[in-house]
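Below you'll find the structure, written out as structure tokens, and then a few comments.
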């Protein structure tokens, strides 16, 4: 015999967060992840395609940043979906949107071919791109992943604190 507890869930707890992650959240996260894979992978030619050609070979760090940033971006996109009915009507709003955008742009810069980036080539020249910007790409990628992960944790904590079932 199973007993159902009527005790409220503690606000901000893992249980509170789980109660706000419904099927819509996971559907948007999956679609957002697939979209991020394509948006980051096609123009940077990490995914070989006839539209874009890399002038430098894909480095392992490009692949790592691409494979880790897309799911983080997908989950961040899903964090903007309104929680299910049992969550408080306060909208989390666009808190963290700037951080998420900056993390996505940094991921794009970390993944892309350094010579193919016209803005960086215009600023540094081809020699500068290869000697200055290319060695910085792994650092940019690490910063991007850190920013995306921290923003996701922050948004999920805010989401967990809004849980109506959590309130005693």
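At a glance:
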| read-out | value |
| --- | --- |
| Relative contact order (percent, whole number), the stretch 14-166, Cα cutoff 8 Å, 6+ residue spacing | 35 percent |
| The stretch 14-166: Rg to Rh, with Rh as the Kirkwood radius over Cα pairs | 1.07 |
| Protection proxy ranking, peptides 31-39, 104-112, average beta carbon neighbours within 10 Å, highest first | 104-112, 31-39 |
| For peptides 123-131, 64-72, 50-58, 147-155, sequence by mean Cβ density within 10 Å, most packed first | 64-72, 147-155, 123-131, 50-58 |
| Cα Rg, Dmax (largest Cα-Cα span) when computed across the stretch 114-159, Å | 15.2, 46 |
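The numbers here are math on the coordinates, done by the rules we state, and not lab data. Everything numeric here is computed off the predicted structure, so don't read it as measured data. When we count neighbours, we look across all protein chains shown, and the Cβ atoms used for this are built from the backbone with ideal geometry, even at glycine.
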